[in-house]
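J.: Take a look at the following structure, please.
The values are calculated or read from the model by the stated rules, or taken from the named source; none is laboratory data. Predicted model only: the values in this text are computed from it and were never measured. Every residue, glycine as well, gets a Cβ built from its backbone with ideal geometry; the counts of neighbours run over all protein chains shown. Note: accessible area is taken over every heavy atom of the protein model, side chains too, but ligands, DNA and RNA are not part of it. Shrake-Rupley method; radii C 1.70, N 1.55, O 1.52, S 1.80 Å.
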Amino acid sequence: MPRGSRRKGDAARRHADTVRFVLFEARPAGLEFHQLVRASALSPHQVRSGLAALKDKAASKGWPPLIWNRVDGYQLGAERAALEAYERQVVSERLTQFRRFITGTVAPHAAAHPNDKWVRHIVAQLNSIESTLDLISSA
C-alpha cells in the first residue's frame, strides 16, 4: 500500500481522478485490476496509488465507496448487498490476521513471559479485538 505522502501528492490525486473516471464509465460493472490498468493508460503502480488516493478522497468528500471482489473487480457505488459482502470479507480477513498474530506471536511470548505486564495487556486487548471482529463477521 502506498505511503500517506504518495496518496496525498498531486500525482496520486491525478491518478485517483483518472481511476474514478474509468470506474464511473464502467458502472454498474466493475473492472479487474489489469482492465483498470489498460483502460486508464496508467502503470500498475500509478493505478495502485490512484486507488489508495481515491479511497481517501471518496471518504473525505462523501462519495460512494470503492469496493473490490473477485467476481466483479473494482466497483464504485455498489448496491447495499455488495457493500455488506465487502465489509464482511474485510472483517473476516482482519479476524484471520489477528488470530494468526495471536497464535503465532503473542501466545508464545505470553507463554515465555507470563508475568510480563505488557504481554498481559496486549493479550487482553487482542482478545477483545478478536471477540469484536468475530461478532461482526458472524452477525
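J.: Answer with yes or no whether residue 20 is in a helix (DSSP H, G or I), more than 18 Å from the chain's Cα centre (by Cα) and modelled with pLDDT of 90 or more.
T.: Here the answer is no, as residue 20 does not meet what is asked.
J.: Here's something else I'd like to know. Restricting attention to segment 104-139, which residues are surrounded by 12 or more Cβ atoms within 10 Å (Cβ to Cβ) and among the charged types (D, E, K, R)?
T.: Listed by number, the residues that qualify are 116, 120, 130, 134.
J.: May I pose another question? Has segment 10-18 got at least one residue that is closer than 23 Å to residue 130 by Cβ, open to solvent by less than 30 Å² (accessible area, probe 1.4 Å) and small (Gly, Ala, Ser)?
T.: no
J.: For residues in segment 60-103 being touching a residue at least 40 places away in the same chain (Cβ under 8 Å) and charged (D, E, K, R), which is surrounded by the fewest Cβ atoms within 10 Å (Cβ to Cβ)?
T.: Out of the qualifying residues, it is 88.
J.: While we're on this one: Looking at segment 22-39, which of its residues are touching a residue at least 24 places away in the same chain (Cβ under 8 Å) and either of a type in the set (D, E, K, R) or more than 11 Å from residue 74 (Cβ to Cβ) (or both)?
T.: Those that are touching a residue at least 24 places away in the same chain (Cβ under 8 Å) and either of a type in the set (D, E, K, R) or more than 11 Å from residue 74 (Cβ to Cβ) (or both): 24, 27, 28, 32.
J.: Restricting to segment 34-60, what's the tally of residues that are under 18 Å from the mean Cα position of the chain (by Cα) and either assigned to a loop (DSSP other than H, G, I, E, B) or among the charged types (D, E, K, R) (or both)?
T.: Number of matching residues: 4.
J.: Does residue 126 qualify as being part of a helix (DSSP H, G or I), touching a helix residue (DSSP H, G or I) at 6+ places or on another chain (Cβ under 7 Å) and within 30 Å of residue 18 (Cα to Cα)?
T.: So residue 126 fails the test.
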